[in-house]
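Peer 1: My questions all concern the structure below.
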Amino acid sequence: MTTFAQLGVPRVLDETLVRDGITAAFPIQAAALPDAIAGRDLCGRAPTGSGKTLAFSIPLVLRATRSAPGHPSALVLVPTRELAVQVAAVLRPLADVSARSVAT
């Protein structure tokens, strides 16, 4: 079992994940997070429900800079409104504890 703290996730985000019942990283997260947190480009492919959203959400929240209203510093493109709502639901708790916001 690999914890998020072992992968380099800061304590405040790790505590948020644990509070939400997420205590161990899925394989895609364990493989992707160290490089993504370090700012490296990567491409991950895994089945539905394997943890891809969290694998990109954690580095996104860590690396997104504060921006002026109406000028987002990050953009996530997804093919459907339903998926946008799902991604926002994963991102929002992480963004909240990082003084960031999520708009859909």
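The values are calculated or read from the model by the stated rules, or taken from the named source; none is laboratory data. Model, not experiment: these values are computed from the prediction. When we count neighbours, we look across all protein chains shown, and the Cβ atoms used for this are built from the backbone with ideal geometry, even at glycine. Calculation scope for accessible area: heavy atoms of the full protein, side chains included, ligands and nucleic acids excluded. Shrake-Rupley method; radii C 1.70, N 1.55, O 1.52, S 1.80 Å.
Peer 1: Can you put Asp20, Asp41 in order of accessible area, largest first, using a 1.4 Å probe? Mind showing how you got there, number by number?
Peer 2: Details: Asp20 80, Asp41 150 Å².
The ranking, largest first, comes out as Asp41, Asp20.
Peer 1: Can you check what the net charge comes to around Ala55, using other residues whose Cβ is under 15 Å from the Cβ of Ala55 (Lys, Arg +1; Asp, Glu -1)?
Peer 2: Values: positive: Arg40, Arg45, Lys52, Arg63; negative: Asp14, Asp35, Asp41.
For residues surrounding Ala55, the net value is +1.
Peer 1: Accessible area per residue, 1.4 Å probe, Å², for the chain: what's the number? Before the final figure, lay out each step's value.
Peer 2: Details: 6770 Å² over 104 residues.
Each residue of the chain exposes 65 Å² on average to a 1.4 Å probe.
Peer 1: Here's a follow-up. Between the DSSP loop rule and a limit of at most 14 other Cβ atoms within 10 Å, which trypsin sites (Lys or Arg not before Pro) in segment 10-104 are left? Could you put the intermediate results ahead of the total?
Peer 2: Details: sites: Arg11, Arg19, Arg40, Arg45, Lys52, Arg63, Arg66, Arg81, Arg100; in loops: Arg40, Arg45, Arg66, Arg100.
Here the sparse-neighbourhood loop sites are Arg40, Arg45, Arg66.
Peer 1: Also, quick follow-up: Which ³J(HN,Hα) values in Hz, rounded to whole numbers, follow from the phi angles of segment 46-55 under the Karplus curve 6.51 cos²θ - 1.76 cosθ + 1.60, where θ = phi - 60° and Gly and Pro get x?
Peer 2: 7, x, 4, x, 8, x, 4, 4, 5, 4
Peer 1: Most mobile of Ala25, Ala46, Ala68 per a Gaussian network model of the chain (Cα springs, under 10 Å)?
Peer 2: Ranking Ala25, Ala46, Ala68 by mean-square fluctuation puts Ala68 first.
Peer 1: Residue-wise, which Karplus ³J(HN,Hα) couplings in Hz belong to segment 5-13, taking 6.51 cos²θ - 1.76 cosθ + 1.60, θ = phi - 60°, and x for glycine or proline?
Peer 2: 4, 5, 8, x, 6, x, 3, 4, 6
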